[in-house]
Amino acid sequence: MTATLRDVRVIDTDSHVIEPADLWTSRIASKWGDAIPQVAVRPGGSGRARWRVGDAWLHMPGVFGCAGWPEYPPSMPQTFDDIDPGGFDPHQRLERMDEYGIYAQVLYPNLIGFETHAFIDLDPELSLLCTRAYNDFLTDFASADPNRLLPVGMVPFWDLDEAVKEVARLREIGHRGILFANQYEKIGLPPFFDPYWDPVYRVAEDLEMSVNFHIGFSTGAHLLSPQRPKFVGETGKDEDPQAVDVTWTAKRNAILMLVSNGDTISNILTTGILDRFPRLKFVSVESGMGYLPYLLESLDWHWKAHGAFRYSPLLPSEYFRRQCYGTFWFETGTLFHLVDYPDNFMFETDYPHSTSLSPGPASPAELPSVHIAKHFSKLPLDVAEKALWRNAAELYRVS
């Protein structure tokens, strides 16, 4: 019997879990009081519940749970009752995966990943407790079906010794990789490719835990985000603030956030870290795919033109082929590049974020199964199978 695209099981290599309101309050001793991350109403505020981490008041719970939401940003779900329950309930998640035609999903955080600065600012002991509590929660979430729900753990990078310990613990409790960050120098730590981080990479390599750099993973938006420009209309007056914010955010997400990962990938390939750890795998998560072959060709060209090849055993593209991955979701016109890098890219949905492959009244997305059938059928079956299944199955240990 001849295999077809419909026979390929799909691994979604980038999805997110909405942290439940009681994630930390149910797992951390009450002696820490209001410093424990929790959902509360800010005195004198709008009256809407928001995440509070220590003294930092953050966003509403639904900001990262817009899958199926009927309105465009900046409108968003405000309470957990408004969020697609697949975002935070593992059994509902499995149902949503079946609906989408997804066999397995790699699970990333929202709050503790994108608002890491608030956790760093906590008492050092509490920040570590919060990290471990989150990782334990994700293990419990995945226990609904460990073959299909694949957790990637948070690392307390602000404490190097504890980070090393947590990588080892994550392997023991079933996590498939670690989440790391790419601009540590912004907060006074050595850059991620500095030998300072070698103890983390060494234990990750020994335990076959991939190092995953998620796009937008930050230590504070005010530190890492580019400055929004000021738009002026034809009348010489400021444009409508909401329209300006929406258009700026759309551009930032489309270009500045995604393509900025090119700098991370370039640093991975050219700073010697892959020579020090030749078995360690690095993943650029939510990076996109189509521009990366150009980036690699450009790196190779300049590597040769400047004579850098004299000091490195491999070209940047050869390092990439050996140890690196990118992930992509909405792309259709660039899929032909997969033929040139069949072993290095993986499919994702980014569920349940606003630009994910989650159909809804305010989304351009089709069901992932429809998207795959329509666009991946144009690829050689073996190439499609690697991008949709095999590369991820080998990396994240899925049988």
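The values are calculated or read from the model by the stated rules, or taken from the named source; none is laboratory data. Predicted model only: the values in this text are computed from it and were never measured. So basically every Cβ, Gly included, is an ideal-geometry build from the backbone, and we count neighbours across all protein chains shown.
Worth a mention:
- Entry remark, the stretch 168-184: residues being surrounded by fewer than 21 Cβ atoms within 10 Å (Cβ to Cβ) and more than 22 Å from Leu122 (Cβ to Cβ) number 5 in total.
- Residue pairs meeting the criteria (Cβ under 6 Å; at least 6 apart or on separate chains; first farther than 16 Å from Ala142 by Cβ, in the stretch 90-112; second surrounded by fewer than 23 Cβ atoms within 10 Å (Cβ to Cβ) and of a type in the set (S, T, N, Q)): Gly101/Ser369
- Total residues in the stretch 340-399 satisfying the condition of being of a type in the set (D, E, K, R), closer than 27 Å to Arg321 by Cα and touching an Asp or Glu at 6+ places or on another chain (Cβ under 8 Å): the figure is 4.
- Listed conditions (1) surrounded by fewer than 23 Cβ atoms within 10 Å (Cβ to Cβ); (2) of a type outside the set (Val, Ile, Thr); (3) touching a Pro at 6+ places or on another chain (Cβ under 8 Å) are all met by Leu149, apart from (1).
- Residue list for the stretch 42-87, restricted to those being surrounded by fewer than 21 Cβ atoms within 10 Å (Cβ to Cβ) and either closer than 23 Å to Leu126 by Cα or in contact with a Leu (Cβ under 9 Å, 6 or more places away or on another chain) (or both): Arg42, Ala49, Arg50, Arg52, Gly54, Asp55, Ala56, Trp57, Leu58, His59, Met60
- When every residue of the stretch 189-196 is checked against the conditions, none turns out to be closer than 25 Å to Glu286 by Cα, of a type in the set (Ser, Thr, Tyr) and in contact (Cβ under 8 Å) with a residue 24 or more places away in the chain.
- All positions within the stretch 11-41 that are crowded, with 17+ Cβ neighbours inside 10 Å, outside any strand (DSSP E or B), out of contact with any Gly (no Cβ under 6 Å at 6 or more places or on another chain) and not small (Gly, Ala, Ser): Val17, Glu19, Pro20, Leu23, Trp24, Ile28, Trp32, Ile36, Pro37
- Selection status of Glu185, more than 18 Å from Ile28 (Cα to Cα) and modelled with pLDDT under 95: yes
- The residues of the stretch 360-399 that are within 19 Å of the chain's Cα centre (by Cα) and among the polar types (S, T, N, Q) amount to a single one, Asn391.
- Every residue from the stretch 346-399 that is of a type in the set (Gly, Ala, Ser), crowded, with 23+ Cβ neighbours inside 10 Å and under 19 Å from Asn212 (Cβ atoms): Ser356, Ala387, Ala392
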